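K.L.:
Sharing a structure here in structure tokens format.
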Amino acid sequence: MNVYSDIQSLRAQISAWRQQGLKIAFVPTMGNLHSGHISLVEEAHKHADKIVASIFVNPMQFGANEDIDSYPRTMDADQQKLIAAGTDALFTPTPDLIYPKGLDKQTYVDVPNVSDGYCGESRPGHFRGVATIVCKLFNIVQPDVACFGLKDYQQVQVIQSMVEDLSMPIDIIPVETMREASGLAMSSRNNYLTAEQLAIAPNLNKAMRWLAEQLKTATDYVSLIEQAKEKINAAGMKTDYIHVSHARTLNPAQPQDKHLVILAAAHCGKARLIDNIQLNLD
Ligand code: PAF
């Protein structure tokens, strides 16, 4: 695996592959890789000949009081994992390379509607940061396909909308969430959890699974959501939000909607956990 920290040499490699008629898949990450990230690389292999990954802790998607400084950085271990997964090239830019004029003067991408609620409301500016960096990385790598984990369900919808709205010739491949045996969705932020919190955290998914089961036969969303929230809080977490939404638009679910998603976020110690469950009521 070749590692590139500048745009020119990465582009030279990618254009050499293109001249050979090879298909390129892209897996953007912020590093601290776990099995969920590696499953993205594995999925990418099914769609392309060459796999390009990136590791960049994107300052634009962190709020002023968020964890950019403590966000786990494990570059050497990450590289070993990407090599073992058969990654062909890794892009590791610095913030100065990506945002040479500084964040304040950076052109940005705002994706309306799907960015608005849920994590978009709890983390103002977050999806602008995500859409901008993903757009910029797409322009640098120019992949045929790009893989994103469904753990960040709203992020996948934001990126899918951006690609559609801006006619980007890239297929977005959503990849199922990898979970611990406890049901906890894998996340780099699980590293913030103490042993005690690790025992509590799976109750987020447990409450969501309970809600999903109820929704198969009941439509009293408001009271059921309230009960699920109580379960999360009673387990020792603080619910940020839990909602039932239309799976694609992310608008609040209507009784006639058949494809739903339960979206939730909760604080557990220092970690803010997010999770989702898709429901097909057909
Ligand atoms: O999901 C992530 O790790 C990040 O939000 C992404 C897509 C790499 C953009 O920084």
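K.L.:
Can you work out which of the residues in the range 140-163 that are open to solvent by 30 Å² or more (accessible area, probe 1.4 Å) and within 11 Å of the ligand (Cβ to nearest atom) is nearest to the chain's Cα centre (by Cα)?
P.N.:
Filtering the range 140-163 for residues that are open to solvent by 30 Å² or more (accessible area, probe 1.4 Å) and within 11 Å of the ligand (Cβ to nearest atom), the one nearest to the chain's Cα centre (by Cα) comes out as Asp152.
K.L.:
The conditions are (1) open to solvent by 50 Å² or more (accessible area, probe 1.4 Å); (2) on the phi > 0 side of the Ramachandran plot, and Lys238 fails exactly one of them. Which is it?
P.N.:
Failed condition: (2).
K.L.:
Could you please find all residues in the range 164-190 being in a helix (DSSP H, G or I) and within 13 Å of the ligand (Cβ to nearest atom)?
P.N.:
Ser188, Arg189 - these are the residues of the range 164-190 that are in a helix (DSSP H, G or I) and within 13 Å of the ligand (Cβ to nearest atom).
K.L.:
Just name the residue that is farthest from Asn280 (Cα to Cα) out of those in the range 228-242 that are in a helix (DSSP H, G or I) and in contact with a Phe, Trp or Tyr (Cβ under 8 Å, 6 or more places away or on another chain).
P.N.:
Going through the qualifying residues, I end up with Lys231.
K.L.:
Condition check: away from the ligand (no atom under 15 Å from the Cβ) and touching a residue at least 40 places away in the same chain (Cβ under 8 Å). Does Ala64 satisfy that?
P.N.:
In short, no.
K.L.:
Something else now. Counting only residues that are part of a helix (DSSP H, G or I) and out of contact with any Leu (no Cβ under 9 Å at 6 or more places or on another chain), which one in the range 58-82 is least open to solvent (accessible area, probe 1.4 Å)?
P.N.:
To start, the set of residues in the range 58-82 that are part of a helix (DSSP H, G or I) comprises 59-61, 75-82.
Still in the list and also out of contact with any Leu (no Cβ under 9 Å at 6 or more places or on another chain): 61, 75-76, 80.
Values: Gln61: 21, Met75: 70, Asp76: 120, Gln80: 119 Å².
Ranking the candidates gives Gln61 first.
K.L.:
How many residues are touching a residue at least 60 places away in the same chain (Cβ under 8 Å) and either within 12 Å of Lys81 (Cα to Cα) or open to solvent by 20 Å² or more (accessible area, probe 1.4 Å) (or both) if we restrict to the range 42-57?
P.N.:
2
K.L.:
Give just the number: which of (1) open to solvent by 50 Å² or more (accessible area, probe 1.4 Å); (2) in a helix (DSSP H, G or I); (3) within 16 Å of the ligand (Cβ to nearest atom); (4) not β-branched (Val, Ile, Thr) does Leu137 not satisfy?
P.N.:
For Leu137, the failing item is (1).
K.L.:
Can you find a residue in the range 13-36 that is within 14 Å of the ligand (Cβ to nearest atom), under 30 Å from Leu184 (Cα atoms), touching a residue at least 24 places away in the same chain (Cβ under 8 Å) and in a helix (DSSP H, G or I)?
P.N.:
For the range 13-36, residues within 14 Å of the ligand (Cβ to nearest atom), under 30 Å from Leu184 (Cα atoms), touching a residue at least 24 places away in the same chain (Cβ under 8 Å) and in a helix (DSSP H, G or I): present.
K.L.:
Any residue at all in the range 119-126 that is surrounded by fewer than 22 Cβ atoms within 10 Å (Cβ to Cβ), more than 21 Å from Ala64 (Cβ to Cβ), more than 14 Å from the ligand (Cβ to nearest atom) and not small (Gly, Ala, Ser)?
P.N.:
So far as the range 119-126 goes, no, none of its residues is surrounded by fewer than 22 Cβ atoms within 10 Å (Cβ to Cβ), more than 21 Å from Ala64 (Cβ to Cβ), more than 14 Å from the ligand (Cβ to nearest atom) and not small (Gly, Ala, Ser).
K.L.:
When you look at Gln79, is it more than 13 Å from Gln61 (Cβ to Cβ) and either within 11 Å of the ligand (Cβ to nearest atom) or not basic (Lys, Arg) (or both), yes or no?
P.N.:
Yes, satisfied.
The values are calculated or read from the model by the stated rules, or taken from the named source; none is laboratory data. As the structure is a computational prediction, the values presented were derived from the model and not from experiment. As a convention, Cβ positions derive from the backbone with ideal geometry for all residues, glycine included, and neighbour counts pool all protein chains shown. With ligands, DNA and RNA removed, areas are computed over all heavy atoms of the protein, side chains included. Shrake-Rupley method; radii C 1.70, N 1.55, O 1.52, S 1.80 Å.
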